[in-house]
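One structure is given here, and the rest of the page talks about it.
What follows draws every value from the coordinates through simple rules; no lab data is involved. Here the structure is a predicted model, which means the values were calculated and not measured. As a convention, Cβ positions derive from the backbone with ideal geometry for all residues, glycine included, and neighbour counts pool all protein chains shown.
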Amino acid sequence: MSDHSIEADPVDLLLRSARDEAAAEGFHVTGVMMQYYEVCKRELWFADRNLEIDRDNASVVRGTQVDESAYEEKRRNVSIDGTIAIDVLDDGRVMEVKPSSTLVDPAKLQLLYYLWYLKHVVGVERDGVLAHPTERKREPVELTTENEEWVEDAIRGVYDIVTSDSPPSAEEKPFCEACAYHDFCWSC
């Protein structure tokens with residue numbers, strides 16, 4: 001983590017950093033950070049500081065297994081700028097695979113961020129698909145003007161959290177028990 005003491009709009013800072021323009025300091029956002037922002041801002045703060053999650057957590061293991069096995073014959077992984085890793089289907093759509101549709105907004109925001117990044121940094125416009133293979137569900141996702149605003153507001157929110165000296169307060173949510181940070185979060 002670097003010292004983020006600047007007054008520029010975080011969206012502009014991210015774009016300058018991603019385009020290798022002479023930004024005074026870098027600011028990078030990953031898709032997982034966008035997901036954490038939507039799910040739990042405290043989790044985002046911990047993850048940004050490289051506090052390792054419980055890799056043996058049942059939810060983490062299940063998500064990894066579903067992601068690694070679903071649609072493997074129809075997709076390929078593409079890493080861009082070492083910042084985002086996306087799965088591209090053989091028809092060119094960007095896919096995000098999640099084991100459940102329980103937390104659909106965080107997954108959708110993550111996918112929209114990938115589409116936004118492709119458009120604004122790489123110069124390529126794509127549609128996306130959010131897949132929940134265990135439920136046999138697929139949802140088309142499009143980067144509309146409203147969705148771009150959602151992404152940019154989230155980028156600003158991510159910036160505020162990762163540049164804060166202390167984590168946001170713990171907030172009990174229905175899915176806290178399943179979180180890989182649960183024990184750490186509630187012991188702080």
Other-chain or far-sequence residues with amide H under 5 Å of residue 137's (modelled H): 132
Within the stretch 135-176, trypsin sites (Lys or Arg not before Pro) in DSSP loop having at most 11 other beta-carbon neighbours inside 10 Å: 136
Nitroxide proxy distance, nm - points 7 Å out along Cα→Cβ at residue 80 and residue 172: 4.1 nm
Out-of-range pairs (alpha-carbon distance over 22 Å; input 41/108; 41/137; 119/173): 41/137; 119/173
Rounded to whole Hz, the Karplus (6.51, -1.76, 1.60) HN-Hα couplings of the stretch 122-134, x for glycine and proline: 8, x, 10, 9, 9, 9, x, 9, 9, 10, 10, x, 5
Karplus 3J(HN,Hα) series, Hz, for the stretch 164-172 with 6.51 cos²θ - 1.76 cosθ + 1.60 (x for Gly, Pro): 6, 6, 9, x, x, 4, 5, 9, 5
Nonlocal amide H pairs with residue 95, under 5 Å, H built at 1.01 Å: 87, 88, 89, 129
